[in-house]
Every structure is written in structure tokens, then in C-alpha cells.
Amino acid sequence: MSVYMVERSLKGIPMGDLAAAQQAAIRTSREFTSAGTPVRYIRTTFVPESGACMCLFEASSADTVQQVNHQANIPFDRVTEALDLTP
């Protein structure tokens, strides 16, 4: 499985809505995994000043990550393969 970064533009989003979107991403990833398509939500980094939001997922393809975000009803600009270099 590879790591994919989901880029979002969420300027002005209330923190409660951001938290709800994160929970939806986690829940939907678990639903996909339970249904036989492994997806793991890793984490989100949000920059309030610009509204830039980057979410990391582990999955077999970018298409799977896009499907998770569509089903969770979370807007995104693009999904690209990334390297998670967390020590």
C-alpha cells in the first residue's frame, strides 16, 4: 500500500466542521476496510490562516482515496501519492 495526500482548500471552515470532516474520513476509511478495500486514515495538517489542509491516507490507489472522500462528502482539490517521512 502507498501513502496518498489529499489536498483541500478549507479557508474559513469552523473548527467543529473540520473535526466532523476528520471523523467522517476515519469512519469511512474503516467502512471501506471492513468491506474488503483496505484504507487507513493517517492524519491531517490544517493551516487556519490560508485554509490549506493536507490529509494523509494509506491505500492501494489514489482512486480508492478519492472514493473514500467522495463517500464521506469531504471536498478536495486533488489526491497525489506522497512519502510520509515521519520518524
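Computed from the coordinates by the stated procedures, all read-outs in this text should not be read as laboratory data. Small disclaimer: the values here were computed from a predicted structure and weren't measured. Because the Cβ atoms are built from the backbone with ideal geometry, glycine has one as well, and the counts that use them run over all protein chains shown.
What relative contact order, as a whole-number percentage, does the chain give when Cα pairs under 8 Å and 6 or more residues apart are counted?
Value for the chain: 46 percent.
Go ahead and run the numbers for FRET between Met1 and Gln23, Cβ-Cβ distance against an R0 of 22 Å, rounding to 0.05.
0.50
Assuming R0 = 25 Å, can you tell me the calculated FRET efficiency for the pair Glu58 and Arg78, based on Cβ-Cβ distance, to the nearest 0.05?
The value I calculate is 0.90.
With θ set to phi - 60° and the Karplus curve 6.51 cos²θ - 1.76 cosθ + 1.60, what are the ³J(HN,Hα) couplings of segment 74-87 in order, to the nearest whole Hz, using x for Gly and Pro?
10, x, 8, 8, 6, 10, 9, 5, 9, 10, 8, 9, 4, x
At 222 nm, what helix-only mean residue ellipticity would the chain give, in deg cm²/dmol to the nearest 500, using -39500 (n - 2.57) for each DSSP H run of four or more?
Calculated mean residue ellipticity at 222 nm is -11500 deg cm²/dmol.
Between (i) 1.10; (ii) 1.02; (iii) 1.50, which entry matches Cα Rg over 2.2 N^0.38 Å as derived from the coordinates of this structure?
Matching the structure shown: (ii).
Relative to the longest principal Cα axis of the chain, at what angle does helix 62-71 sit, 0 to 90 degrees, rounded to 10?
On a 0 to 90 degree scale, this one is about 60.
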